[in-house]
Amino acid sequence: MQLGGLGIKKLRLFNAALLGKWSWGFLLEGGALWKSVVVSEHASWSGCFYLRIIQAALAAVGAPENLVEVITGFAETGEALVSSVDKIIFVGSPGVGKLIMRKAAETLIPVTLELGGKDAFIVCEDVDVSHVAQIAARAALQSSGQNCAGAERFYVHRDVYTSFVDEVVKIVKSVTAGPPLYGKYDMGAICMQEHSERLHSLVNDALDKGAQIVGRGSVGNIGEGAVDQYFPPTVIVNVNHKMKLMQEEAFGPIMPIMKFSSDEEVVMLANDSRYGLGCAVFSGSQRRAKQIASQLHCGIAAINDFASNYMCQSLPFGGVKDSGFGRFAGVEGLRACCLVKSVVEDRWWPFIKTKIPKPIQYPVAENGFEFQESLVETLYGLSVWDRLRALVNVLKILTEHNPPANIKKRHE
């Protein structure tokens, strides 16, 4: 078999299903379509949006319009879907992700889960505070904070804590939420009213436990009945890890800021979370920032930057812990949608054929065990001398004529 050729074939899985949430539809659907997704199910809040994306993408490349199907339905629809495909890619909450995985386990369908995050944004004392404050505000308020890769926990070194908070408050107070189509607002709405109510609940829990709001943006004059879905960007200090706001995914425009004194402390704080999607670390020393990031339990890290890796679709995306497992995007994402098959071939067939050595052909010769032992020693011996001695014995046995062990036993 040493004459054989070795190789790996990556075969596309023919039927993959994407179960996506309502946010970031263009990015999720675009990344999925060039893999193997033929069935796509989405949150009811964004079904029409996803359908328009798919139809436009297929039309642009001249593909049949029914190549990808969008389905709607309730829980039973999702259950039927995840039991009839070759691969499942789910983007959503940890609770639903566990249900998907449990159902997929019945037929052993492989699953990739991206289940949200509670990303840490770390600011060391050797940074340009005004520069980092602008990035921090964008990290928290992008898409009204409805971003699984958004920053939700801000840890700032005590030496620059006050100046950082002052800069961030100044920025946030200038932000106004309202209908983006009007062109005069900085931030849009919270998608669902019940989620807006949950954000208020997280803030109130923090306030009850000693936190303090030090800065808030405003909500524009948008008419009666819609105000509750526009959550003002909010900066909160005096927070700790006993508050729900620092433990549960908020998915909203809230900036809880906590101070730290040492790199060891901030690593401990950042890792004190059931989520592990991403992190951002800012320091005047690239080496220091990388050292901190290397100790954080997450799947994505940005050094003196934020979210650029999410825009680089050549990079894999995914997390650890309750943020899920597996990766999409990048080469790793493509491989996750492939069946990897190992292939060995006799490359010189039929001129030179792989043969089973005579001593171990059935029925096995009397010296078959000795041959195997010497062969292993030839390949894996600890010293050159041991290997040479074993090789000599292998060649010697090959030239001998020994009756099968069972024949000798019968004669005895």
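Taken together, the values in this text are just the output of simple stated rules run on the coordinates, not laboratory data. Keep in mind it's a predicted model, so treat the numbers as computed, not measured. Methodologically, a virtual Cβ is constructed for each residue, glycine included, from the backbone with ideal geometry; neighbour enumeration extends over all protein chains shown.
Put in line by how crowded their Cβ is, counting other Cβ atoms within 10 Å and starting with the fewest, V331, V123 read V331, V123.
Fully extending the segment from A63 to R274 would add 71.8 nm, taking 0.36 nm per residue of separation and subtracting the current Cα-Cα distance. Per-residue extension of 0.36 nm, minus the Cα-Cα distance of L108 and S83, leaves a gain of 8.1 nm for this segment. Sorting 96-105, 137-146 by their mean Cβ neighbour count within 10 Å, with the most densely packed peptide first, gives 137-146, 96-105. The base-10 log of I(q)/I(0) for the range 175-237, evaluated at q = 0.17, 0.21, 0.23 Å⁻¹, reads -0.60, -0.86, -0.97 [Debye formula, identical scatterers on Cα atoms, solvent excluded]. Apply 1/(1 + (r/R0)^6) to the Cβ-Cβ distance of K396 and Q247, taking R0 = 56 Å, and write down the FRET efficiency to the nearest 0.05. Calculated value: 0.20.
For the range 265-321, the spread of Cα coordinates along the three principal axes comes to 32, 29, 13 Å, biggest extent given first.
Contour minus end-to-end for Q193 and Q134, with contour as 0.36 nm per residue of separation and end-to-end as the Cα-Cα distance?
Extra length from Q193 to Q134 when fully extended: 18.4 nm.
Every Cα-Cα pair in the range 73-206 was counted, and those over 20 Å apart are 61% of them. In this simple spin-label model, placing a label point 7 Å from the Cα along the Cα-to-Cβ direction at both R52 and T354 gives a separation of 5.7 nm. With a cut-off of 14 Å between beta carbons, the residues surrounding A390 carry a summed charge of -1, where Lys and Arg count +1 and Asp and Glu -1.
Calculate, in whole percent, how much of the Cα-Cα pair population of the range 238-292 lies beyond 16 Å.
For the range 238-292, the share of Cα pairs beyond 16 Å comes to 49 percent.
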